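Peer 1: Encoded as structure tokens, here's the structure I'll be asking about.
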Amino acid sequence: MKITLEHSEAAFDLTAAQRIISQIKEKKDSVIGLSTGRTTGNMHRKVVQLHQEEPFDVSQTTFFGVDEVVGVPRQYAGACYTMLRNELADGLGVDEEHLLMLPTQSNDYAVSCRNFQAAIQARGGIDLLILGLGENGHLGFNQPGTPFESTAWVTKMDAQLESRIRRETGLPEQHPLGGVTLGLADIMQARRILLVAKGSNKAAIVKKMLQEPVTTDVPASILQRHPNCEVLLDAEAASLIQDTKGRQSVPGADRPSYLAPFLSMVFLFLVIGFLTTVNSQLQGPLQSAFLDRVGNLRNTLATMVTFSWFLAYPVCGGLGSRWIDRYGYKGTLLRGLGVMIAGLALFFLSSAYTVAYPQSVLILSGGSIPLGYFILLTGSFVLGGAVTVLQVVINPYLMACHVNGTQPIQRLAIGGSANSVGTTIAPYFVSGIIFGGVSLDQVQVSQLRLPFLAITLLIILVVSVLHRLSLPDIAGTRAADAPLERSVWSFRHLTLGVVAIFFYVGCEVCVGANINLYARSDLGLSTSTITLMATLYWGLMLVGRLCGSSLRSISPRTQLTFTTLMALLMLVLALAFNEPWLLVAVGLFHSIMWGAIFTLATTGLGRYTSAASGVFMIGVVGGAVLPLLQGVVADSLGAWRWSWLIVLFGELVMLSYALAGSRVREKDIAP
């Protein structure tokens with residue numbers, strides 16, 4: 001049995017399509033069996049695309065369907081006949097004579113099955129058979145327990161599939177439904193078989209099919225006995241395959257190693273987390289250093305620093321994806337870091353200007369604001385833009401950058417763990433190094449200059465190292481790999497994912513950035529306690545991400561559902577008891593939400609991935625909007641306590657995305 005591994009969705013679909021095309025070119029009167037489903041649908045559309053680009057003769061080729069739904073009209077959208085017509089046959093110009101299908105309705109299915117088998121044999125038998133793999137190991141409608149000697153027959157239908165068909169067609173319960181399929185003995189008579197499987201949900205059954213004894217409990221295991229069977233897998237589906245010593249043994253050992261680029265992205269994630277939290281932790285000190293004479297606008301203006309940072313995400317997200325298409329991943333990284341240096345330089349300039357020109361102020365609502373504050377806001381926006389561009393690169397790169405023994409959501413969790421290391425040490429960097437441990441109400445603007453200069457020099461060093469490092473592009477993840485036929489916004493699960501990430505980032509930043517203002521203004525806690533709260537919040541995110549990086553067997557949807565429910569519980573208790581330490585606990589459950597949402601939102605997007613990553617960054621503006629809105633509400637109410645209802649609402653939105661909005665429609669799988 002030959003096992004082939006592909007590393008991107010585009011490459012997977014192309015390889016499968018090329019198997020069909022090469023069979024047709026080698027033998028024009030080939031008989032090719034096809035299966036329907038999400039995995040094979042993209043492959044069919046790819047065959048049509050390649051035929052349009054470089055036509056080949058299919059006039060003598062016979063195609064047939066492996067199975068069919070029984071008891072529905074032939075024109076029903078979920079009927080295998082209709083799906084194969086729409087996905088492949090119409091695009092290739094295949095007439096009815098050369099498209100053989102089992103019947104959806106018949107007075108005698110046994111006779112219809114025999115006629116179907118006879119028609120295939122009359123044309124020379126099956127040259128190539130394409131099979132999908134069910135999560136329970138079924139082939140066609142041959143469910144676990146089907147005898148290996150079975151031939152074409154009528155079977156019972158899976159309860160979940162039957163429920164969906166009745167819902168879509170309006171057929172009553174008393175109307176019989178079922179499936180008719182080639183039997184396992186028919187399948188084994190094919191001269192050549194290609195079985196295709198992708199996704200982490202197929203990993204367990206792939207392992208059973210390939211590495212456990214042949215059994216009717218796993219119908220696909222019979223393929224171990226076929227003399228000419230190829231299994232085409234993606235990295236996720238192959239992730240549980242092991243050698244005789246229990247080590248992971250993913251086929252395709254000659255594939256390129258992405259460990260070094262992966263570690264580079266992980267380090268950059270640490271830098272991003274560190275700078276993001278340094279920026280948000282400056283809110284409290286800035287109230288003293290810049291905003292001690294602005295009257296009742298202190299909370300609003302302090303949160304403007306975070307607002308200006310996250311405002312850059314929707315502005316610069318599209319820029320990042322365009323740079324990837326034009327300059328590649330490495331070129332975009334270097335340009336993003338160059339922008340970061342400019343933002344840090346503005347931070348340094350804001351403090352230097354305020355120290356040099358202390359009387360340069362703007363009079364507003366009876367208060368005065370140093371002009372250096374507005375330079376700081378500009379620097380925050382520029383720095384946020386740089387981080388946006390870097391994240392547009394890092395997120396899809398981590399997903400596509402295969403490392404043995406990992407899945408995409410695990411790699412995002414590892415990157416998130418590094419991000420959390422940065423966010424965890426940042427509060428102590430602000431209070432202990434930038435401000436030397438002094439009380440927040442004693443902070444001076446002059447204390448900002450040297451730390452900002454040191455961070456700028458560090459980023460310059462990072463640029464010089466990355467410039468010398470080899471960072472290859474990942475095939476099939478950029479719009480430059482092929483033209484995009486539709487708007488990236490037309491993918492519903494991505495669009496709703498942007499909404500979910502808007503509230504996720506907003507909720508994360510509300511707790512991480514505003515808990516210090518809440519603890520200081522409402523509860524009068526000490527500087528050391530406030531610093532500990534912020535550190536523990538980001539530290540719990542680190543713990544959660546470290547745990548999340550090992551959750552290879554739990555789906556992103558399940559992870560997101562559980563964590564949002566637990567975050568909701570903590571928030572309700574925090575509101576009920578006015579207890580900030582319960583808000584700190586939310587960090588543990590916020591930890592893996594980013595990776596789960598990003599994975600769910602970009603599922604099935606193929607070459608749309610880099611564009612989707614740029615669009616995804618638009619949602620990060622929630623980190624600007626929700627904390628600012630919370631600051632306005634706190635100023636209006638005169639206290640922070642009930643402003644946390646904003647975060648509670650955001651958690652409910654993310655829960656709804658996990659349960660419903662993240663489900664991928666058939667038409668939202670990119671060809």
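The values are calculated or read from the model by the stated rules, or taken from the named source; none is laboratory data. Keep in mind that this is a model prediction, so the values were computed, not measured. Neighbour counts run over all protein chains shown; Cβ positions are idealised from the backbone, glycine included. Side chains are part of the model used for accessible areas, which takes the heavy atoms of the whole protein and leaves out ligands, DNA and RNA. Shrake-Rupley method; radii C 1.70, N 1.55, O 1.52, S 1.80 Å.
Peer 1: Considering the Cα positions of region 565-671, please state its Rg to one decimal place and its Dmax as a whole number of Å.
Peer 2: 16.6, 54
Peer 1: Keeping the other protein chains in place, figure out the carbon and sulfur percent of the accessible area of region 319-379, with a 1.4 Å probe.
Peer 2: 65
Peer 1: Okay, moving on. Arrange the peptides 37-47, 486-496 so that the one whose residues have, on average, the most other Cβ atoms within 10 Å appears first.
Peer 2: With the highest mean Cβ count within 10 Å placed first, the list reads 37-47, 486-496.
Peer 1: Normalised by the empirical 2.2 N^0.38 Å for globular proteins, what value does the Cα Rg of region 36-112 take?
Peer 2: Ratio of Rg to 2.2 N^0.38 Å for region 36-112: 1.16.
Peer 1: Residues with amide H under 5 Å of MET157's amide H, sequence separation 5 or more or different chain, H placed in the peptide plane at 1.01 Å from N; which?
Peer 2: Residues meeting the criterion, in which the H sits 1.01 Å from N, are GLY179.
Peer 1: Further, regarding this structure: Any lysines with Cα under 25 Å of the LYS198 Cα? List them, leaving off those in the same chain fewer than 8 positions away.
Peer 2: LYS2, LYS46, LYS207, LYS208, LYS245, LYS667
Peer 1: Residues with amide H under 5 Å of ARG74's amide H, sequence separation 5 or more or different chain, H placed in the peptide plane at 1.01 Å from N; which?
Peer 2: Those qualifying (amide H under 5 Å, at least 5 residues apart or on another chain) number zero.
Peer 1: May I pose another question? Highest first, please rank the peptides 572-584, 386-398 by the mean number of other Cβ atoms sitting within 10 Å of their residues.
Peer 2: Descending mean neighbour count gives 386-398, 572-584.
Peer 1: How would you rank 374-384, 638-648, highest first, on the average number of other Cβ atoms within 10 Å across their residues?
Peer 2: 374-384, 638-648
Peer 1: Given a 1.4 Å probe and heavy atoms of the protein chains only, how would you sort LYS156, LYS202, largest accessible area at the top?
Peer 2: I get LYS156, LYS202, largest accessible area first.
Peer 1: Over region 519-625, with the other protein chains present, what is the accessible area per residue in square angstrom, probe 1.4 angstrom?
Peer 2: Per-residue accessible area for region 519-625 comes out at 32 Å².
Peer 1: Whenever you get a sec, line up ASP108, ASP127 from highest to lowest accessible area (probe 1.4 Å, protein heavy atoms).
Peer 2: So, going from the largest accessible area down, we get ASP108, ASP127.
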